[in-house]
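First up is the structure itself, then whatever we jot down about it.
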Amino acid sequence: MLREIADREPREANADAPAELKVGYQGEPGAFGEVAAAAHGGVPVPFASFEKVLEALGQGAIDEAVFPLENAVVGAITEALEPLASAVLRGLDLVATSLTSVPVRLALSAKQGTPIGDVKRAWSHPAALRQCTQRLAALGIEPVVCYDTAGAAKIIAADASTDAAICSRHAAEMSGLDVLIEDVSDRDQNSTRFVHLRQADHARARVPLAFLRTSSMTATTRLDVLTGATLLPLAGTPEHPVRMWVLGADAARLQALAPARDVQVVSLGQPAPHASRLPPKEGTAPAVKSLPHATARKPATVVEVGPFKVGGGHRAMIAGPCSVESPEQVMRIAKEVAACGATALRGGVFKPRTNPYAFQGHGYEALEWLAAASREVKLPIVTEVMAVDQVQQVAQKADVLQIGARNMQNFDLLRAVGRAGRPVLLKRGAGATTDEWLGAAEYVMASGESRVMLCERGIRTFEPSTRNTLDLGGMLAVRPLTHLPLIADPSHAAGRADLVEGLARAAWSAGADGLIVEVHDDPARALCDNEQALVPARFAELARALALEPNAHLPLAQLRAWVDAIDHDLAELVKRRLDVARVIGDSKRQTGRAVLDPKREAAVRRTYYEALPGAKQLADKLVDLLIEAARAQQSIEE
Ligand code: PEP
Ligand code: MN
């Protein structure tokens, strides 16, 4: 058996071999993980911790990772399972591709010539030490935890003591140690099962492996009996209530059998078709992978074109006319919105109109006008394509292709924009459910374009006072299910200019990654959607309220209004700070604590230094003033 392990040593990369598969494992060369990593001809890559392995996998630095799941003597390897679960919950999209069982013989090894009677302590990875607790106790040897089995051998080799390492024979020999006892496992036939993991490679998901996130332990009882699966229990914490890994039962079956309402089944194997029906939990990653591209658990997608950057904390403002009417019109409006801090320029050249006799857009000629305006103000273009045969030509000039609400389920068009090499703004159909919207995104992504933005633009309801009803609830419901940026369109939702600002602010506060707003400098004469267009001055007010950055082309009066608005906010915040500081003072007095705390003051200063880089003096002065004002207000003596 030992030979078997040794024979499966990592192969050297060789020139005529196909592209090598880098497989990460935790530990040093000679660790049991290395054997698992080499099992399918991969090239093992060592990492100091499981977290580091996951990081490398997430960044694409390795192709695959092996994680020990279960050991024949001690069961669940919690050291590996916990970081794995938390990485998945943080959004790392992993699939389990295969399992490898590695025979484990825990060799007690020490420096050459060390008599066994002199060994008082043995070093190893905690999971390995648990596998030989009884034998070590019987030998009177105290366990010492370190990061790895093969690492323990290295430590002992470099150490002057008579301590021992518990590791594979291979690791002992690599470090020049003598093996004193071939195997100190508490049970014969010790072995560990490793899972091979890959990132977002759903086609290769083969191993039914899932974990349950639930605060209720009873929710997980009898699942082994009911499903025939192997249960790997974890302790769980209130912040990380992962209680159980389940190996051998598919997610749909777990979903059906898990008794409690609050059980979230997170699968690394096959997707759970009904998982999307679970109420999404606040702040948790999606449990669904039924649409592997649009809903995969992945870090937020950031779509970036020049100054336009949206998703993952970056926010965008797309603004411009509903339709491009003339070279002058689009140039004027482009300058206005750019001066207010818009990050992309919208404008329709092909217009989907309910009435076939209404203005249909100026087509490719207008695209040239739009492109000229875009060059002038240095903002990327967002424009709609209505037909498959427009896609290629529009994509030559436009930076982002918009799919209009009426075309959300035009699947040929979705496939065509997915192949055009441009990011896509996908409007939700007025009669489409959020699932159908995600399904449409899936079409685009499955055709090759991963930079998809989902745009909520209002759905048709019974309410006639607005053109559509902005479905912020639907937008928020999609948030935990997808990594794609979410854009809100208050203009088409409201259909009337007076409601646009309110809806825009609501969507922004609800966490929309961006907005798309229609602006026209002569709405009365606009050829399309005239009732919902904001005039530039009102767009400027909105941009100010959302804290966009104006540029120097904005007229001075407008720039002053901008700074006045900021001063107003600042003064209000100062007042709120004083009010809350007073409440804190009262609370401290009631509990007999000193009101002034130098440690807190230092922390406040740090906050200001961080927010005002390169302006330490200003930061200090502001903090001094705030403290002085709080003192005066609360009559605090020095
Ligand atoms: C538009 O953006 O001008 C438009 C036609 O939008 P929607 O497809 O949302 O109606
Ligand atoms: Mn419009």
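The values are calculated or read from the model by the stated rules, or taken from the named source; none is laboratory data. Here the structure is a predicted model, which is why all the values come from computation and not from measurement. Don't worry about glycine lacking a Cβ; one is built from the backbone with ideal geometry, like all the others, and counts go over all protein chains shown. For accessibility, only protein heavy atoms count, side chains too; no ligands or nucleic acids. Shrake-Rupley method; radii C 1.70, N 1.55, O 1.52, S 1.80 Å.
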Taking Ala373 as meeting all but one of (1) in contact with a helix residue (DSSP H, G or I) (Cβ under 6 Å, 6 or more places away or on another chain); (2) within 13 Å of ligand 1 (Cβ to nearest atom), write down the number of the exception.
(2)
Need the failing condition index for Gly592 against (1) at negative phi; (2) part of a loop (DSSP other than H, G, I, E, B), just the number.
(1)
Determine whether Val184 is under 38 Å from the mean Cα position of the chain (by Cα) and hydrophobic (A, V, I, L, M, F, W, C).
no
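Here's the yes/no breakdown for (1) within 13 Å of ligand 1 (Cβ to nearest atom); (2) in contact with a Leu (Cβ under 6 Å, 6 or more places away or on another chain); (3) farther than 20 Å from Val310 by Cβ:
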| position | (1), (2), (3) |
| --- | --- |
| Glu442 | no, yes, no |
| Glu449 | no, no, no |
| Phe462 | no, no, yes |
| Ser465 | no, no, yes |
| Gly473 | no, no, yes |
| Pro490 | yes, yes, no |
| Ala493 | yes, yes, no |
| Gly514 | no, no, no |
Among Arg428, Arg460, which is open to solvent by 20 Å² or more (accessible area, probe 1.4 Å), on the phi < 0 side of the Ramachandran plot and of a type in the set (Lys, Arg)?
Arg460
Pairs please, first residue from segment 43-65 and open to solvent by 10 Å² or more (accessible area, probe 1.4 Å), second anywhere and in a helix (DSSP H, G or I) and polar (S, T, N, Q), Cβ atoms under 8 Å, 6+ apart in sequence or on different chains.
none
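Listed here are the residues, each with its yes/no results for (1) touching a residue at least 24 places away in the same chain (Cβ under 8 Å); (2) within 14 Å of ligand 2 (Cβ to nearest atom).
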position: Gly473; (1), (2): no, no
position: Ile487; (1), (2): yes, no
position: Ala493; (1), (2): yes, yes
position: Ala497; (1), (2): yes, yes
position: Gly502; (1), (2): no, no
position: Gly511; (1), (2): yes, no
position: Val517; (1), (2): yes, yes
position: Asp521; (1), (2): yes, no
position: Arg525; (1), (2): no, no
Among the listed residues Leu622, Leu548, Leu612, Leu542, which satisfies the condition of being open to solvent by 60 Å² or more (accessible area, probe 1.4 Å) and not small (Gly, Ala, Ser)?
Leu622
All but one of (1) under 29 Å from the mean Cα position of the chain (by Cα); (2) within 14 Å of ligand 1 (Cβ to nearest atom); (3) buried (at least 23 other Cβ atoms within 10 Å of the Cβ) hold for Val385, so report the exception by its number.
(1)
Among the residues of segment 388-400, are any modelled with pLDDT of 95 or more, open to solvent by 60 Å² or more (accessible area, probe 1.4 Å) and within 13 Å of ligand 1 (Cβ to nearest atom)?
no
Any idea which residue in segment 77-134 is farthest from Asp148 (Cα to Cα), counting only those that are surrounded by fewer than 18 Cβ atoms within 10 Å (Cβ to Cβ) and touching a Lys or Arg at 6+ places or on another chain (Cβ under 7 Å)?
Gly91
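Would you pick out the residues in segment 324-340 that are away from ligand 2 (no atom under 12 Å from the Cβ) and open to solvent by less than 10 Å² (accessible area, probe 1.4 Å)?
Residues of segment 324-340 that are away from ligand 2 (no atom under 12 Å from the Cβ), as a first pass: 325-340.
Passing the criteria: Gln329, Val330, Ile333, Ala334, Val337, Ala339, Cys340.
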Sort out which residues of segment 167-196 are within 13 Å of Gly27 (Cβ to Cβ) and of a type outside the set (Ser, Thr, Tyr), and write them in order of number.
Cys167, His170, Ala171, Met174, Phe194
Gly313 - would you say it is free of Cβ contacts under 8 Å to residues at least 40 places away in the same chain and either crowded, with 20+ Cβ neighbours inside 10 Å or within 16 Å of ligand 1 (Cβ to nearest atom) (or both)?
no
Scan of segment 463-474 for residues that are open to solvent by less than 60 Å² (accessible area, probe 1.4 Å), part of a loop (DSSP other than H, G, I, E, B) and either out of contact with any helix residue (DSSP H, G or I) (no Cβ under 6 Å at 6 or more places or on another chain) or among the charged types (D, E, K, R) (or both), ordered by number:
Asp471
Which numbered condition trips up Asp399, out of (1) touching a residue at least 60 places away in the same chain (Cβ under 8 Å); (2) under 24 Å from the mean Cα position of the chain (by Cα)?
(2)
Condition met for Ala543 (more than 15 Å from ligand 2 (Cβ to nearest atom) and at pLDDT 95 or above):
yes
Only one of Ala157, Ala164, Ala137 is touching a Gly at 6+ places or on another chain (Cβ under 9 Å), open to solvent by less than 80 Å² (accessible area, probe 1.4 Å) and modelled with pLDDT of 95 or more, namely Ala157
